[in-house]
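Engineer: Okay, handing you the structure first.
Values quoted throughout were computed directly from the atomic coordinates according to the rules given, and no laboratory measurement underlies them. Here the structure is a predicted model, which is why all the values come from computation and not from measurement. Here the Cβ positions follow ideal geometry from the backbone for every residue, glycine too, while neighbour counts run over all protein chains shown.
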Amino acid sequence: MSVYALKKHMKLQAIKTYVTVPPTGIGGAFWVLVKLTTDNGIEGLGECYGIPVSGDIACRMVEDTFERFIAGEDPHNVETMFRRVYSAGFTQRPDISMMGVFSGIEIAVWDILGKAHGVPVYKLLGGRFHDRVRTYTYLYPLAVDSRGMPVDSTGDVYHDGDVAAEAAVRYVEMGFTAVKQDPAGPYSFQGGRELSLHELSRSEYNARRIREAVGDKADILFGTHGQMTTSSAIRLAKRLEPYDPLWFEEPCPPDQMEAIGRVAQFTSIPVATGERLTTKVEFHQALKAGVAILQPDIGRSGGIWETKKIATLAEVYNAQIAPHIYCGPIAHAAATHLAFSCPNFLILETIQTEFHDTVVKKPLVWEAGYMLPPTEPGLGLELNEDVVLAHPYTTGGRLHLEMCQVPLPSDNAKIITEL
């Protein structure tokens, strides 16, 4: 049998999952990584984003899903595999946990397909549209603990506008042309709330200081993680407009899409959302509400093929995509390949840490604020299992991301600041 015939008839045979803990906490408390193997020995890597259970349980969910719906399938049959998992257990609707599970598996499938056909994944998605893709970063402190909180003398980069401005300058000097911050936290489970006058003023001051520090050398991306009521978000947007942010991100909770759309009607700042949405169904709702910039996280939104559909759907609304990344290097690579293939791509979130680079044997090339096109087949990455296994997850440990489990009063800035 020819090599072509072997590839044409290959089957997905085995799965192995890993859960590893980034020592800084940047990128989440843990990462769920996936390795698939075909019956002819081709391996593919994937990564799930933000499955809201313990890491060990998330791995069992991934393994169970593979055995039920994926094992023995031809990796070319991406649509069939998606529909099986999307409909699992007679659901047939967007499910953020199952789509997180499937996305990691599906990313590994595309890695296999790229390797089987000897091309980078983006060449299977319509080809390379961009010569390089622009990236942005959050403003991170110089040193952090396992929760991502500052532990050095640089100050509170999250809430102190002067420290945030200094951090923005550091990143601009690295080559970034856009920086993001959310000074409105912490993030409570209660849903939308009215920000205190102190929080509104702090957010405005941070935006002003960052703009003064970077001038027109960098865009400001303003995130809020869905913390506000509609009225509070509109009040904050009015304060931010003089500093011309590129976007106002997730102003209201993700289950309040009409509210997010109403905010978009009352501000000149483009409204962005998407990191907590999944599948084209929910992103279509965002587009209909008036969202101008979609932020799918490829490890949750349904995988590479579903996210390509989301990007195509956005074209119809004259909207752009800016993939969200708060994870490890595998999902970041998948989002990079997608970005290279999309005409309406705007900017890609990127995390630059030593651990991100060492989890893989050779990271993709980031240069002065841009990702350069991968040239190796598939995603272009090889897992460094020694590093992954050297940072194990403790059973029953922290979730990938967590929220404050108490309501936050809108009239007591001191309590809010200290939580």
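Engineer: Give me the angle, in degrees from 0 to 90, between the Cα long axis of helix 304-316 and the longest principal axis of the Cα atoms of the chain, rounded to the nearest 10.
Structural biologist: 50 degrees
Engineer: Could I ask something else about it? Normalised by the residues of the range 3-119, what does the relative contact order come to in percent, with Cα pairs under 8 Å and at least six apart?
Structural biologist: Relative contact order comes out at 31 percent.
Engineer: Order the peptides 248-258, 13-23 from the highest to the lowest mean number of other Cβ atoms within 10 Å of their residues.
Structural biologist: 248-258, 13-23
Engineer: Kindly express, to the nearest 10 degrees and within the range 0 to 90, the angle between helix 55-65's C-alpha long axis and the longest C-alpha principal axis of the chain.
Structural biologist: Computed tilt is about 40 degrees.
Engineer: Above 24 angstrom, tally the Cα pairs of the range 105-256 and express them as a % of all pairs, no decimals. Walk me through the intermediate numbers first.
Structural biologist: On the way: 5258 of 11476 pairs.
Cα-Cα pairs of the range 105-256 separated by over 24 Å account for 46 percent.
Engineer: If you average the sequence gap of Cα pairs under 8 Å that are 6 or more apart and divide by the length of the chain, what percent do you get for the contact order?
Structural biologist: 22 percent
Engineer: Could you give me the ³J(HN,Hα) list for the range 327-340, computed from phi with Karplus coefficients 6.51, -1.76, 1.60 and θ = phi - 60°, whole Hz, x at Gly and Pro?
Structural biologist: 6, x, x, 6, 5, 4, 5, 4, 5, 5, 4, 4, 4, 4
Engineer: Something else now. Could you please state, rounded to a whole Å, how far the C-alpha centre of the range 179-253 is from the C-alpha centre of the range 64-80?
Structural biologist: 42 Å
Engineer: Another one. DSSP loop (so not H, G, I, E, B), at most 16 other Cβ within 10 Å: list which trypsin sites (Lys or Arg not before Pro) in the range 282-376 pass both filters.
Structural biologist: Here the trypsin sites (Lys or Arg not before Pro) that fit, given the DSSP loop and packing criteria, are K361.
Engineer: State the Cα centre-to-centre distance between the range 339-410 and the range 261-293 in whole Å.
Structural biologist: Using only Cα atoms, the two centres lie 24 Å from each other.
Engineer: I'd like the Kirkwood hydrodynamic radius of the range 283-419, using the inverse of the mean 1/r over distinct C-alpha pairs, in Å.
Structural biologist: Result for the range 283-419 stands at 17.4 Å.
Engineer: Right, something else. Give the share of C-alpha pairs in each 5 angstrom bin for the range 1-128, from 0 to the last occupied bin, in whole percents, shortest bins first.
Structural biologist: Going from the shortest bin to the longest, the percentages are 2, 11, 20, 22, 18, 14, 8, 3, 1, 0.
Engineer: A further question on this structure: For the chain, evaluate the Debye formula with one uniform point scatterer on each Cα (no solvent term) and list log10 I(q)/I(0) at q = 0.07, 0.14 Å⁻¹, rounded to two decimals.
Structural biologist: With no solvent term, the Cα-only Debye profile gives -0.31, -1.31.
Engineer: What does DSSP give for the range 123-379 in terms of the percent of beta bridges that are antiparallel, rounded to the nearest 5?
Structural biologist: The answer is about 20 percent antiparallel.
Engineer: Let me ask another. Can you give the percent of C-alpha pairs in the range 198-342 whose distance is more than 27 Å?
Structural biologist: Here the long-distance tail beyond 27 Å is 22 percent of all Cα pairs in the range 198-342.
Engineer: Could I ask something else about it? Using a cut-off of 20 Å between alpha-carbon atoms, which lysines can reach K180, once sequence neighbours fewer than 8 places away in the same chain are excluded?
Structural biologist: Within the straight-line cut-off, K180 pairs with K217, K238.
Engineer: Just want to confirm a number: the relative contact order over the range 194-348, from Cα pairs under 8 angstrom separated by 6+ residues, in percent.
Structural biologist: Once divided by the residue count of the range 194-348, the mean separation gives 16 percent.
Engineer: Let me ask something else about it. How far, in nm, would the chain grow between T395 and R93 when pulled straight, counting 0.36 nm per residue and subtracting the alpha carbon separation?
Structural biologist: Once the chain is fully extended between T395 and R93, it gains 105.7 nm.
Engineer: Which log10 I(q)/I(0) values does the range 84-137 give at q = 0.16, 0.23 Å⁻¹ under the Debye formula, counting every alpha carbon as one identical point scatterer?
Structural biologist: -0.71, -0.90
Engineer: Also, quick follow-up: Can you work out the Karplus-derived ³J(HN,Hα) for every residue in the range 169-183? Use 6.51 cos²θ - 1.76 cosθ + 1.60 with θ = phi - 60°, whole Hz, and x for glycine or proline.
Structural biologist: Values, residue by residue: 4, 4, 5, 5, 5, 6, x, 5, 10, 7, 9, 10, 8, 10, x Hz.
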